[in-house]
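Please treat every number below as a calculation from the coordinates, not as lab data. A quick note: this is a predicted structure, and the numbers were derived from the prediction, not measured. Every residue, glycine as well, gets a Cβ built from its backbone with ideal geometry; the counts of neighbours run over all protein chains shown.
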Protein chains: 2
Amino acid sequence: MTVPSCHAGQHHLLKARRLGIDTYQEAVIYMRPVCRSEGFEAQARILVKLNGREVIATLNVVTSDLLAQGEAGLSEAAWRHLGAREGDTLSLAHTPYLESLGRVRAKVYGEHLEEADYRAIVRDVAAGRYADVQLASFMAACAGNRMDPGEILSLTRAMVATGERLDWGRTPVADKHCVGGLPGNRTTPIVVPIVAAWGLTIPKTSSRAITSPAGTADTMETLAPVDLDLPHMRRVVEREGGCIVWGGAVSLSPADDVLIRVERALDLDSEGQLVASVLSKKAAAGSTHVVIDIPVGPTAKVRTPEAARTLAGHLESVGGALGLAVRACHSDGSQPVGRGIGPALEARDVLAVLNNAPGAPVDLRDRSLDLAGILLELGGGLPAGAGRLQAEAILREGRAWRKFQAICEAQGGLREPPKAPHRHAVGAPHAGRVTFIDNRRLARVAKLAGAPGDPAAGLDLHVRLGERVAAGQPLFTVHADSPGGLDYALSFAQEGETILTLETEGVAAR
Amino acid sequence: MTVPSCHAGQHHLLKARRLGIDTYQEAVIYMRPVCRSEGFEAQARILVKLNGREVIATLNVVTSDLLAQGEAGLSEAAWRHLGAREGDTLSLAHTPYLESLGRVRAKVYGEHLEEADYRAIVRDVAAGRYADVQLASFMAACAGNRMDPGEILSLTRAMVATGERLDWGRTPVADKHCVGGLPGNRTTPIVVPIVAAWGLTIPKTSSRAITSPAGTADTMETLAPVDLDLPHMRRVVEREGGCIVWGGAVSLSPADDVLIRVERALDLDSEGQLVASVLSKKAAAGSTHVVIDIPVGPTAKVRTPEAARTLAGHLESVGGALGLAVRACHSDGSQPVGRGIGPALEARDVLAVLNNAPGAPVDLRDRSLDLAGILLELGGGLPAGAGRLQAEAILREGRAWRKFQAICEAQGGLREPPKAPHRHAVGAPHAGRVTFIDNRRLARVAKLAGAPGDPAAGLDLHVRLGERVAAGQPLFTVHADSPGGLDYALSFAQEGETILTLETEGVAAR
């Protein structure tokens, strides 16, 4: 059985059909098996062209009557990437052999890669030429300290080179970042208005969660729109001196966004790619002075002071090589910051601090003031010690809150975070003192409850390290949008995993 | 919008619909977004149950009218795994958290894993609980000498434990294996009939190609059926003393088959997984005496004598720990063996050797006799040096050919390998002496032509290392089932890649 349109010389023409299948961003093309005679069967990846755009899609062969003869179905990601309309004529060809995959293979086998190698890999990744399994092998090959400092710099430069690069026409341009891994550590929405209120420029782009229950962009999105395009972002910064937007919307490092999607599926962060991801976005965002928070604790992303020093060293030296003034500082990562874990619950804590509410979480306030203070010294020229005092005054006098409201208005309007309809408190199985909190398992409870996909989902932590609790006293409350999410999170929380350790008379127990 | 059948307590019930989508063995479930309220959106993986069987499937949300309300679509792999029929009621639940993924993550970060870890990983892999990206990260984390000998033994034992284990009720049971990487090295269909004709038991299971243009099972399949179930395989061995079948059909190491599928997509072999893959299948197949051929050459899978020694050491020591007598020996891997590369073209060479045809490839004959000779000594008790002479006599007297025919008949009937309709010879660009052959690029040409998916596709190599050729003299001929495959292979072959190096008067040129 042969379709005439299948034999147009080197290229094969098929009518585009939107199947409405969401494949988690992977480009997939669905085809009837009629083109076997042209040799498409042997390769799983096909080059699809339409109106000057192209994408490499994974072939799924459809043997049912889902597709009519002469039709090819596209996944939502492929449809959007090509800007296709129903019935458009797609041109299909064999995938050119990707030389850069040979370099990924070399890295898997432990070879050192050069900057040209990383450029080739990052260019192909950003162009959507890698299948998800290929991205996964690249991630795993680079994890576990398998990139030396030169390779990290090469990867960072390659990432900067593939995206847009912003120019604010002024200097200094301040920025901050947290390497993550500590639930509730949501200082950005507090630091940005303080620094902007003082007069420094701070056009902050944040990411969505990679492996955590909330990224800053997820949290901020419950308070104001964050999907701003570049002209809109510029208007906000021109007017208010700062913004808090999602970095993905301005495509500063398109390869990074592709890699982060697979990192999320793997629950994996590689150190070298972390440095490249952070600094490439800072450099592309036009930042000149950057403070980076590295929380350290047994269950934080960075577990030991030694690992934090190594990471800080990479961040400062690679930053320096890129022309950025970077200060990387450690902070306590032994327990979550604030009370809420999950986008809306964290937003509630942020608002309490900005409003100087009496019950506002002290630790979130302190950490935010520390970071804002460093930025006022690093980028603002205040003498050592004066930054923190200045930041505190700006917060106390309500200037930070007014600036935050103004920024939200400029971004599209301040809004109220949603609240979850389903809640359940988990009580202490016995009396005791809280001696250990497993951040990772706690974060997993919040994720199983639905965060960050459901912004109101997550949990509220009611106790701190060192606190004494009575039997039955609530330790944390799970919030979920659905009974299913609540059950799922609670069944994990009660499965005998040690999330919080309660010590009684010197004996550790759950 | 809510579907009543979506709320049956903890489990959600949907009608099965066969969408006929081939996702390359990954289990995928297609669902309308109506079950979002039950929290399925947040997880990409869903546990699907039917009639006591279960599979973990990747969720693809369908926003078009492809599915009716109350329906869930299944990919072909999921459909087969569940043994579903149209309209069956599927029970869906959240995926239990896979503890073994935490161990994969640890391995990615460079930790040493224990046997219990590998058992947990292999059990979940064999049960289809890993997504392809998770399999890919495991493969990459284990590649590049990142498994120590203890870990390789652990992984091997874990693989043996997950599958069936055959017992032939006798000893010795001979076996052979080649670590591959050398195109055309198709000795198995010659060694097995020699050894079986002498009287040794040799129930040989072979794999299909992983990253090469042909595996022994692919080649053998052009001569006789190889998809034998266990009872059929036993009947063949009882009657003829040997067989040459596909190992996947008897599920000796189900986890290995899953891993090989992703290895193929990644074009990646990890040393530790190679040892575990080979030896777990030998142990599970009930073999007691095993010879392993390791071709060594600059473009073979094993590139240096040192690497071959390391690999041979792992194979012999891990084999010993499993109770197997293993002899691993090096062979010349600097150029392909025989003339054909691709299933049917290699089968033609095999038949020539078995028939003592005047033009039969001498190298293929020699290597087969070497390996058969070692087996007759190792498992058959012949004194050193006598094995090879005995093997040669069996081949020369036609006993091997008669035994091969009998084995093929027992497996379902000897048949003629197919021939490809499209061929093109690539000539020498100038006169010179062949000083280098790139096995990997040559294999890639054969794969681009369609091998092993198209069994008649591949290439015939007309020259050997050291040979002098005239300008225009054919170097190799590409065979393909379609003009598209032929074009694809030829465009790669002519892209300026150095597949064969021709030296003229001391100057290397292409």
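Things to note:
- A:Arg415 label point (Cα plus 7 Å toward Cβ) to equivalent points in the other copies: 6.2 nm, shortest first.
- Evaluating 6.51 cos²θ - 1.76 cosθ + 1.60 at θ = phi - 60° for every residue in segment A:355-372, the Karplus couplings come out as 8, 6, 5, x, x, 4, x, 5, 5, 5, 4, 4, 5, 5, 5, 4, 5, 4 Hz, glycine and proline recorded as x.
- Among residues other than B:Ala126 with Cβ under 10 Å from its Cβ, the summed charge is -1 (Lys and Arg +1, Asp and Glu -1).
- Between segment B:12-33 and segment A:220-297, the alpha-carbon center distance in angstrom: 35
- With the alpha-carbon atoms of segment B:300-443 aligned to their principal axes, the span from lowest to highest coordinate is 51, 41, 27 Å, starting with the largest.
- Between A:Arg441 and B:Asp167, the simple spin-label model (points 7 angstrom out along Cα→Cβ) gives 4.2 nm.
- Rounded if a/c under 1.5, otherwise prolate or oblate - segment B:74-170, Cα gyration tensor axes: oblate
- ³J(HN,Hα), Karplus 6.51/-1.76/1.60, whole Hz, each residue of segment A:306-313, x for Gly, Pro: 5, 4, 5, 5, 4, 5, 4, x
- Within segment B:422-509: Cβ-based charge dipole about Cα centre, in debye rounded to nearest 20 (Lys, Arg +1; Asp, Glu -1): 160
- Convex hull (Cα only) mean projected area of segment B:422-509, reported in nm² to one decimal: 5.0
- Cut-off 15 Å between beta-carbons: net charge of the residues surrounding B:Leu382, Lys and Arg +1, Asp and Glu -1: -1
- Distant-in-sequence amide contacts of B:Ala285, defined by a placed amide H-H separation under 5 Å and a gap of 5 or more residues or a different chain, comprise B:Leu166.
- Projecting the Cα atoms of B:Leu486, B:Cys142, B:Val318 onto the charge dipole of the protein assembly as shown (Cβ charges, centred on the Cα centre) puts B:Leu486 farthest toward the positive pole.
- The residue list B:Ala443, A:Gly286, B:Ala344 was ranked by how far each Cα lies along the charge dipole of the protein assembly as shown toward its positive end, using unit charges on Cβ atoms, and B:Ala344 comes out on top.
- Close amide H partners of A:Thr201, meaning residues 5 or more places away or on another chain with modelled amide H under 5 Å apart, are A:Ala174.
- Only lysine pairs 8 or more places apart, or on different chains, with alpha-carbon atoms under 21 angstrom apart are counted in chain A, and they number 13.
- Charge context of B:Gly87, other residues only, Cβ under 12 angstrom, K/R +1, D/E -1: +1
- Between A:Ala471 and B:Asp332, the simple spin-label model (points 7 angstrom out along Cα→Cβ) gives 8.2 nm.
- Inter-copy label distances at A:Gly427 (7 Å, Cα→Cβ; nm, one decimal): 9.1
- Total charge dipole magnitude, chain A, about the Cα centre, Cβ charges on Lys, Arg, Asp, Glu only, Debye to nearest 20: 600
- Length added when fully stretched, A:Val362-A:Ala321, from 0.36 nm per residue minus Cα-Cα: 11.1 nm
- Under the Karplus curve 6.51 cos²θ - 1.76 cosθ + 1.60, θ = phi - 60°, whole-Hz ³J(HN,Hα) for segment A:114-128, x wherever Gly or Pro sits: 8, 4, 4, 5, 5, 4, 5, 5, 5, 5, 5, 5, 5, 7, x
- In degrees, nearest ten, helix B:230-240 long axis to first principal axis of chain B (Cα): 20
- Rounded, prolate or oblate (a/c below 1.5 giving rounded, otherwise prolate when a/b exceeds b/c) for the protein assembly as shown by Cα gyration tensor: prolate
- As a rough footprinting exposure proxy, the listed residues A:Asp167, A:Asp257, A:Asp148 were ranked by other beta carbons within 10 Å of their own, and the order from fewest upward is A:Asp167, A:Asp148, A:Asp257.
- Dipole size of the protein assembly as shown about its Cα centre, with +1 on Lys/Arg Cβ and -1 on Asp/Glu Cβ: approximately 300 debye, rounded to the nearest 20.
- Note on chain B: helix-only mean residue ellipticity at 222 nm, from DSSP H runs of 4+ residues weighted -39500 (n - 2.57) and normalised by residue number, equals -12000 deg cm²/dmol.
- Global form of chain A, assessed from the alpha-carbon gyration tensor, a/c cut-off 1.5: prolate
- Efficiency of FRET between B:Arg433 and A:Thr304 - r from beta-carbon atoms, R0 45 angstrom, step 0.05: 0.15
- In a fully extended conformation the segment linking B:Arg415 and B:His112 would gain 104.2 nm over its present Cα-Cα distance, using 0.36 nm per residue.
- Set of segment B:191-224 residues, backbone N closer than 20 Å to the point 7 Å along the Cα-Cβ line of B:Gln405: B:191-199, B:220-224
- Between the Cα long axis of helix A:399-411 and the first principal axis of chain A there is an angle of about 20°, rounded to the nearest 10.
- Amide H contacts under 5 Å for B:Ala451, placed H, 5+ residues apart: B:Gly458
- Shortest-first nm distances, B:Glu397 label point to equivalent points in other copies (7 Å, Cα→Cβ): 10.7
- Charge dipole of the protein assembly as shown about the Cα centre (unit charges at C-beta), most positive-ward option of A:Trp168, A:Gly373, B:Gln335: A:Trp168
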